[in-house]
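The values are calculated or read from the model by the stated rules, or taken from the named source; none is laboratory data. Quick caveat, the model's predicted, so the values are computed rather than measured. So basically every Cβ, Gly included, is an ideal-geometry build from the backbone, and we count neighbours across all protein chains shown. For the accessible areas, the whole protein counts, side chains as well, though only heavy atoms, and no ligand, DNA or RNA atoms are used. Shrake-Rupley method; radii C 1.70, N 1.55, O 1.52, S 1.80 Å.
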Amino acid sequence: MVKAKSWALKKHFEGSPTDSNFELKTTELPPLKNGEVLLEALFLTVDPYMRVAGKRLKEGDMMMGQQVARVVESKNSAWPTGTVVLASSGWTTHSISDGKDLEKLPTEWPDTLPLSLALGTVGMTGLTAYFGLLDICGVKGGETVLVNAAAGAVGSVVGQIAKLKGCKVVGAAGSDEKVAYLEKLGFDVAFNYKTVESLEKTLKKASPDGYDCYFDNVGGEFSNVVIPQMKLFGRIAICGAVSTYNRTHAPPPGPPPEIIIYQQLRMEGFIVSRWQGEVRQKALKNLLKWVLEGKIQYQEYVIEGFENMPAAFMGMLKGDNLGKTIVKA
């Protein structure tokens with residue numbers, strides 16, 4: 001019998017998550033039925049959306065999320081033993097699947113590339129950057145793009161794709177180390193929003209004539225300062241609002257509606273699961289190609305040990321990570 005360890009939501013989050021919100025459980029998995037496979041997690045992801053999605057769980061439910069896993073036992077000919085897959089199994093070391101929800105890595109995946117990238121730059125966070133920038137913002141060469149949380153898993157890819165498309169890119173991050181990383185990636189302007197005297201003046205100096213596209217991962221007061229500096233017909237992709245996820249009080253008031261009206265701005269929230277089928281596969285191929293050509297650099301913040309899932313999650317929400325937070329099981 002295989003024993004699976006899994007992290008459950010013991011108590012709903014109030015404010016910032018703590019260790020007391022999580023409980024480590026061990027369950028014995030039943031023998032495989034025909035058509036099923038047994039998966040063993042290799043790498044797991046923690047992402048900001050989990051803080052919000054946790055509201056939909058019942059206390060005692062397993063935390064949700066993707067993992068790169070290996071098929072260690074199979075009664076399904078489509079998924080032979082040894083196959084490496086992408087699975088939405090949640091925070092667990094082992095799981096049983098009927099194979100319908102599994103995804104193989106792209107066939108072009110080389111041995112030189114970490115498998116964990118399928119959870120990041122060549123996976124969900126890369127796709128989020130890709131579709132948010134190219135579909136929602138519809139960027140064109142010569143435009144100016146602003147991205148916050150720019151050294152994170154999504155933001156760092158947004159900036160690099162924007163540079164690939166011939167845009168000027170301005171990025172905000174939360175430490176001098178992260179700013180140095182953005183400069184290395186080729187951002188035109190990068191700044192530490194925690195240490196600037198005035199966010200408004202910093203943004204104005206970075207792009208005096210304003211911004212065509214704002215890729216927002218942060219929300220809250222930051223966005224209220226940005227929106228008045230959008231150009232006519234500016235586009236805003238609302239990907240996340242991490243600055244508000246742990247709040248225990250009312251959110252700050254939003255931007256003045258007259259700015260959105262008279263600047264004729266377009267704001268759109270999105271979830272990456274909107275794009276499926278051929279467009280998703282094409283995007284993954286493009287991301288993989290750009291990584292292999294060195295046009296997109298990646299950074300992973302790897303934490304060893306499945307027992308450290310909650311710590312990795314809490315650290316990611318606080319901004320400990322440079323690039324994508326990954327837990328190696």
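Data table
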quantity	calculated
Highest-MSF residue in the chain out of Arg266, Arg274, Arg247 [GNM, Cα springs under 10 Å]	Arg274
DSSP bridge pairs, the chain: antiparallel proportion in percent, nearest 5	55 percent
nm² value of the averaged projected area, convex hull over the Cα atoms of the range 103-251	10.4 nm²
Gap separating the Cα centres of the range 37-68 and the range 1-31, nearest whole Å	10 Å
Under DSSP loop assignment and at most 16 Cβ neighbours within 10 Å, longest GluC sites (Glu not before Pro)-free interval of the chain	198-292
Charge dipole of the chain about the Cα centre (unit charges at C-beta), most positive-ward option of Gly220, Pro48, Val279	Val279
Residue with peak Gaussian network fluctuation, the chain [Cα springs, cutoff 10 Å], from Thr112, Thr128, Thr92	Thr112
Two-decimal log10 I(q)/I(0) for the range 185-234, as the Debye equation yields it once each C-alpha is a single scatterer, q = 0.14, 0.26, 0.31 Å⁻¹	-0.35, -1.23, -1.47
Sequence-separation-based contact order of the range 193-327, relative, with Cα cut under 8 Å and 6+ spacing, percent	18 percent
Low-density loop positions, trypsin sites (Lys or Arg not before Pro), the range 35-87 - DSSP coil, at most 10 other Cβ in 10 Å	Lys58
Per-residue HN-Hα couplings for the range 115-123 [Karplus 6.51, -1.76, 1.60; θ = phi - 60°; Hz; x = Gly/Pro]	4, 5, 5, 5, 9, x, 4, 10, x
Sequence-distant residues sharing a close amide H with Met267 (under 5 Å, placed H)	Ile236
The range 188-250-the range 121-159 distance, computed between alpha-carbon centres (Å)	14 Å
Test item: Cα-centred dipole of the chain, Lys/Arg +1 and Asp/Glu -1 on Cβ, debye	400 debye
Estimated [θ] at 222 nm from DSSP helical runs (n ≥ 4, -39500 (n - 2.57)) normalised by residues in the chain, nearest 500	-7000 deg cm²/dmol
Dipole of the chain [Lys/Arg +1, Asp/Glu -1 at C-beta], most positive-end residue of Ile259, Val189, Asn321	Ile259
Volume per residue that the Cα convex hull of the range 277-329 spans, once the total is divided by residue count, Å³	113 Å³
Of the trypsin sites (Lys or Arg not before Pro) in the range 131-228, those whose Cβ has at most 12 other Cβ within 10 Å and which sit in DSSP loop	Lys140, Lys194
Among Ala206, Ala190, Ala78: highest mean-square fluctuation, GNM of the chain, C-alpha pairs under 10 Å	Ala78
Average accessible area per residue (Å²) across the range 2-107 - probe 1.4 Å, nucleic acids and ligands excluded	50 Å²
Overall form of the range 1-152 per C-alpha gyration tensor (a/c, 1.5; a/b vs b/c)	oblate
